[in-house]
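Comments concern the structure below.
The values are calculated or read from the model by the stated rules, or taken from the named source; none is laboratory data. What you see is a predicted model; the values in this text were computed from it and never measured. With ideal geometry, Cβ positions are generated from the backbone for all residues, glycine too; neighbour counts draw on all protein chains shown.
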Amino acid sequence: MPFLLYSTLPKGHCTEFSHRRQISIAGSAGPLASIQAKQNTEAKSPYFWHASVEGILDEISESVHENAIVIDLKPRNKNSVSLFKLLDVWGFSYDDWTPLAVRLETLHAERPVSDPLVFKKSFDDCGSNHAFAVEFLYLRGGVKTGTWNWGAVGRVNGALLWPDAFNHFAKVLLDSLTQSTNSYGD
């Protein structure tokens, strides 16, 4: 599931996305580890934290106003594209691992295209319902140790959530969704 940096340009009521490069938001030198460390100056564990897309872009020295981070949810699909714009990441860091709740905005979900590689170079979001979605992932790093790399890659990358992490995510996601006027299916 690659994270891609796109430049954005308003195009009427739509936005045009032009691929710039693939980026990494994980890793011990990545923006998520850095944001957690800056927010958690006392190295408390467990520690819950938030990273907005603006904060992530700032950490990788990219302009907030001209760029977007897009997740290619199904990069190997040869008949359609599933592209989602990254909005927020909430983390719950333990000593050596961090479950995440990632809030996304739908750009194109299972959109049939003749050549996904060409489509992903430059596209617009015209016709998108911009529905919000949440994905749960985890990083193999926390407050005290770890690489901050993504959890096991495979058909399923799920995070086992203990009650403290689940309760935190439930609260922030509910707050986020109730503040939004756009929800899935609208």
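Specify which of the listed residues (GLY27, GLY12) is under 17 Å from the mean Cα position of the chain (by Cα) and surrounded by fewer than 19 Cβ atoms within 10 Å (Cβ to Cβ). Walk me through it before giving the result.
On the way: GLY12 fails: under 17 Å from the mean Cα position of the chain (by Cα).
Of the residues listed, the single one that is under 17 Å from the mean Cα position of the chain (by Cα) and surrounded by fewer than 19 Cβ atoms within 10 Å (Cβ to Cβ) is GLY27.
Spot the failing condition for ALA101; the list is (1) under 12 Å from the mean Cα position of the chain (by Cα); (2) surrounded by fewer than 21 Cβ atoms within 10 Å (Cβ to Cβ), and only one is missed.
(2) is the only condition that ALA101 fails.
Go through (1) exposed (fewer than 15 other Cβ atoms within 10 Å of the Cβ); (2) within 27 Å of PRO163 (Cα to Cα) one by one and return the number of the condition LYS78 breaks.
(2)
Output the number of residues of segment 33-56 satisfying the condition of being buried (at least 18 other Cβ atoms within 10 Å of the Cβ), in contact with a strand residue (DSSP E or B) (Cβ under 6 Å, 6 or more places away or on another chain) and in a helix (DSSP H, G or I).
Residues meeting the conditions: 4.
Taking segment 108-135, which residues are modelled with pLDDT under 95 and among the small types (Gly, Ala, Ser)?
The answer is ALA109, GLY127, SER128, ALA131, ALA133.
Which of the residues spanning segment 136-165 are surrounded by fewer than 18 Cβ atoms within 10 Å (Cβ to Cβ), in a loop (DSSP other than H, G, I, E, B) and modelled with pLDDT under 95?
ALA152, VAL153, GLY154, ARG155, VAL156, ASN157, GLY158, LEU160, LEU161, TRP162
Could you tell me which of the residues VAL113, VAL118 is of a type in the set (Val, Ile, Thr), surrounded by fewer than 20 Cβ atoms within 10 Å (Cβ to Cβ) and touching a strand residue (DSSP E or B) at 6+ places or on another chain (Cβ under 8 Å)?
Values: VAL118 fails: touching a strand residue (DSSP E or B) at 6+ places or on another chain (Cβ under 8 Å).
Only one candidate qualifies: VAL113.
State yes or no: is PHE92 closer than 20 Å to ARG20 by Cβ and out of contact with any Lys or Arg (no Cβ under 8 Å at 6 or more places or on another chain)?
Judged against the criteria, PHE92 is not a match.
Can you pull out every residue in segment 88-107 that is more than 17 Å from GLU42 (Cα to Cα), out of contact with any Gly (no Cβ under 7 Å at 6 or more places or on another chain) and aromatic (Phe, Trp, Tyr)?
TRP90
Could you list, in sequence order, the residues of segment 26-52 that are of a type in the set (S, T, N, Q), touching a residue at least 60 places away in the same chain (Cβ under 8 Å) and within 14 Å of VAL89 (Cβ to Cβ)? Please lay out each step first, then the result.
Of segment 26-52, the ones of a type in the set (S, T, N, Q) are 28, 34, 36, 39-41, 45, 52.
In the following step, the residues that additionally are touching a residue at least 60 places away in the same chain (Cβ under 8 Å) were identified as 28, 36, 40, 45.
Answer for segment 26-52, where residues must be of a type in the set (S, T, N, Q), touching a residue at least 60 places away in the same chain (Cβ under 8 Å) and within 14 Å of VAL89 (Cβ to Cβ): just GLN36.
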